[in-house]
Amino acid sequence: MNLHAVKAIYFFEMSRALRTVMQSIISPVLSTSLYFVVFGAAIGSRMAQIDGVSYGAFIVPGLIMLQLLTQSISNAAFGIYFPRFTGTIYELLSAPISPLEIVIGYVGAAATKSIGVGLIILGTASLFVDLNIQHPFSMLAFLVLTAVTFSLLGFIIGIWADGFEKLQAIPLLVVTPLTFLGGTFYSINMLPPFWQKVTLFNPVVYLVSGFRWSFYGISDVNIVASLGMTFVFLLVCLGVIWRIFATGYRLKA
Amino acid sequence: MSDIISIRDLSKTYSGGFQALKHINLDIRRGEIFALLGPNGAGKTTLISIVCGIVNPTTGSVTIDGGDIIRDYRRVRAMIGLVPQELTTDAFETVWGAVSFSRGLFGKPPNPAYIEKILKALSLWEKKDNRIMTLSGGMKRRLLIAKALSHEPIILFLDEPTAGVDVELRQDMWQVVRDLRATGVTIILTTHYIEEAEEMADRVGVITGGELIVVEEKAELMRKLGKKQLILRLSEPLSAIPAALARHELELAGDGQSLTFTYDTHAGRTGITSLLEDMRSAGVGFADLDTTQSSLEDIFVDLVRSKR
């Protein structure tokens, strides 16, 4: 194991986050705070409780998950795309480092950043609503597992993209709609039966539901199903990345 | 001198069908400066990229210090430093950060004293805290060399190291390369500045159309393929070469003021004596004479043209 290389990539990426603290940390915290102001305080105060949880508190796990997914993807995608764009990828490809070590460095840094943002949002949320985390270890497990899984997805997007437009396309056109339709702001039990079944094809439902369960003990789908789906997605991403390095797709001629 | 790099039957065909390398066989000796010459698109960068692990070969093998570049990639790559042709840098990073990153990437623990030594040797120490985007082109080129040297490689690839670099900086870089060689580093440089190879290389390889057409000691190459010319400034201009001199390989200048005689320096008889005797007999006098020898550039151009 080339630990020096993993550390070099990890800290290089982390220092980039600190250079762009406005974009990396302040921006997601600000936008989430606005969600709390609008949905939690202004609209939420006029809405009924959901499964015994105030609306403001109900949306906290979903909002954290929304930022966790988008931040994980964009951090990891940009992390690997930037050296491809500038041409500095030559150094990574010529270094004595295995694909696994490259992934640990980039995905580890991306996941660390998004977990940090998630925890900051959690702290921010506690200023607006009363939070009660019933299963803190499950909450942390979902946080880490989701951050790693979607950072892996971001890494794939960063290798697949051949321009900044494509880099933004999946997070904007796929992940954000799936997150909004994945029970971030509502319980899927509030939907008509047909749409409840359709929604079950949305992988984000399982993430939000499992994460919400760790806060309030309530969930739209079984917690085991949530955990299982997250693991399946993690394995799919790992499989795709393994294939990318085996074939040199978009990396090596 | 033992070989440190052995390339055997190496070919590369890109997915579009373009064959960039055709059955290359090449040995690089430990501690030498080897210049790989070739016109644009000859396959120089592809060859270097394969050895460094950036491009996958189609067929053939490369071993470095006995290790295969694919099976034994960790040990092999740790020995190599690469200075790419393009000025590819992370514009927002500092000089110090970029060089330290490279050292870590190649598996070496932090060593600020060594990084300081490199930056000072490359006249970058004053800029260590500057962002790369603020550096001039020449400084960026030196930064790439610093990055390539950060992990103390024993083989250094320089892909067009002085492209776009001014004359003074070029001289400085040549000195850096010579200093490195003095410490035992094997250096492979690609260039299309022939004077660069002529100035520094121990051996020269010429590649064109993906084929390695010559590999030779520089001095030997110039001796074997070089031509020498004797230029005679005439006392009186000639309108044509006199019949008495027709048996000599002569060329009359357009103004009729000089005759150029091309001869083989390695032949037992150069023909100079008989030429001068024939000129005296024909009454052709000369006021001055000069000799010239073909440069590596002349040889290179002849070789590449003959292959087309």
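Go through (1) touching a Gly at 6+ places or on another chain (Cβ under 7 Å); (2) open to solvent by less than 30 Å² (accessible area, probe 1.4 Å); (3) facing another protein chain (nearest Cβ under 7 Å) for B:F106 and report which single condition fails.
Going through the list (1) touching a Gly at 6+ places or on another chain (Cβ under 7 Å); (2) open to solvent by less than 30 Å² (accessible area, probe 1.4 Å); (3) facing another protein chain (nearest Cβ under 7 Å), B:F106 breaks only (1).
Looking at the structure I just gave you, is B:R178 closer than 27 Å to B:R142 by Cα, basic (K, R) and at pLDDT 85 or above?
On the way: closer than 27 Å to B:R142 by Cα: yes; basic (K, R): yes; at pLDDT 85 or above: yes.
Here the answer is yes, as B:R178 does meet what is asked.
Under 9 Å between Cβ atoms, at least 6 apart or on separate chains: pull out the pairs that start in the range A:230-253 with a residue that is more than 27 Å from A:V205 (Cα to Cα) and end on any residue that is among the aromatic types (F, W, Y).
Going by the 9 Å Cβ cut-off, the qualifying pairs are A:R243/A:Y249; A:I244/A:F155; A:I244/A:W160; A:Y249/A:W160; A:R250/A:W160; A:L251/A:F245; A:A253/B:Y14.
Could you tell me which numbered condition A:A95 fails, if it satisfies all but one of (1) modelled with pLDDT under 85; (2) open to solvent by less than 10 Å² (accessible area, probe 1.4 Å)?
Going through (1) modelled with pLDDT under 85; (2) open to solvent by less than 10 Å² (accessible area, probe 1.4 Å) one by one, A:A95 breaks only (1).
Just checking, which of A:P96, A:P83 is within 14 Å of another protein chain (Cβ to nearest Cβ), part of a loop (DSSP other than H, G, I, E, B) and either under 16 Å from the mean Cα position of the chain (by Cα) or within 30 Å of A:L251 (Cβ to Cβ) (or both)?
Only one candidate qualifies: A:P96.
Report yes if some residue within the range A:141-151 is surrounded by fewer than 19 Cβ atoms within 10 Å (Cβ to Cβ), polar (S, T, N, Q), touching a residue at least 60 places away in the same chain (Cβ under 8 Å) and in a helix (DSSP H, G or I); otherwise report no.
no
A:G183 passes all but one of (1) modelled with pLDDT under 85; (2) within 17 Å of the chain's Cα centre (by Cα); (3) in a helix (DSSP H, G or I); which number fails?
Unmet for A:G183, out of (1) modelled with pLDDT under 85; (2) within 17 Å of the chain's Cα centre (by Cα); (3) in a helix (DSSP H, G or I): (3).
Can you tell me which residues in the range B:42-98 are of a type in the set (S, T, N, Q) and over 13 Å from B:D159 (Cα atoms)?
Passing the criteria: B:N56, B:T58, B:T59, B:S61, B:T63, B:T89, B:T94.
Considering only the range A:16-30, I want to know if a residue exists there that is among the small types (G, A, S) and within 14 Å of chain B (Cβ to nearest Cβ).
Checking the range A:16-30: at least one residue is among the small types (G, A, S) and within 14 Å of chain B (Cβ to nearest Cβ).
B:I154 fails exactly one of the following numbered conditions: (1) surrounded by fewer than 17 Cβ atoms within 10 Å (Cβ to Cβ); (2) of a type outside the set (F, W, Y); (3) closer than 23 Å to A:Y90 by Cα. What is the number of that condition?
(1)
When the residues of the range B:70-84 are narrowed to those that are surrounded by fewer than 17 Cβ atoms within 10 Å (Cβ to Cβ) and more than 9 Å from every other protein chain (Cβ to nearest Cβ), which ends up nearest to B:H151 (Cα to Cα)?
Going through the qualifying residues, I end up with B:D72.
Kindly list the number of the only condition in (1) in contact with a strand residue (DSSP E or B) (Cβ under 7 Å, 6 or more places away or on another chain); (2) more than 10 Å from chain A (Cβ to nearest Cβ) that fails for B:G66.
(1)
Which one is farthest from B:I207 (Cα to Cα), of the residues in the range B:18-42 that are surrounded by fewer than 24 Cβ atoms within 10 Å (Cβ to Cβ) and within 14 Å of chain A (Cβ to nearest Cβ)?
Step by step, filter the range B:18-42, then rank; the result is B:F18.
Mind counting the residues in the range B:157-180 that are assigned to a loop (DSSP other than H, G, I, E, B) and either surrounded by fewer than 18 Cβ atoms within 10 Å (Cβ to Cβ) or touching a Gly at 6+ places or on another chain (Cβ under 8 Å) (or both)?
The number of residues fulfilling the criteria is 4.
Residues in the range A:201-250 that are within 14 Å of another protein chain (Cβ to nearest Cβ) and either modelled with pLDDT of 85 or more or open to solvent by 30 Å² or more (accessible area, probe 1.4 Å) (or both): how many?
Of the residues in that region, 6 qualify.
Yes/no matrix, rows are residues, columns are (1) on the phi > 0 side of the Ramachandran plot; (2) at pLDDT below 85; (3) surrounded by 15 or more Cβ atoms within 10 Å (Cβ to Cβ); (4) not basic (K, R):
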position: B:L259; (1), (2), (3), (4): no, no, yes, yes
position: B:T270; (1), (2), (3), (4): no, yes, yes, yes
position: B:S274; (1), (2), (3), (4): no, no, no, yes
position: B:D278; (1), (2), (3), (4): no, no, yes, yes
position: B:V284; (1), (2), (3), (4): no, no, yes, yes
position: B:L289; (1), (2), (3), (4): no, no, no, yes
position: B:Q293; (1), (2), (3), (4): no, yes, no, yes
position: B:R308; (1), (2), (3), (4): no, yes, no, no
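The values are calculated or read from the model by the stated rules, or taken from the named source; none is laboratory data. Here the structure is a predicted model, which is why all the values come from computation and not from measurement. When we count neighbours, we look across all protein chains shown, and the Cβ atoms used for this are built from the backbone with ideal geometry, even at glycine. Accessible surface is based on the protein model in full, side chains and every heavy atom, while ligands, DNA and RNA are left aside. Shrake-Rupley method; radii C 1.70, N 1.55, O 1.52, S 1.80 Å.
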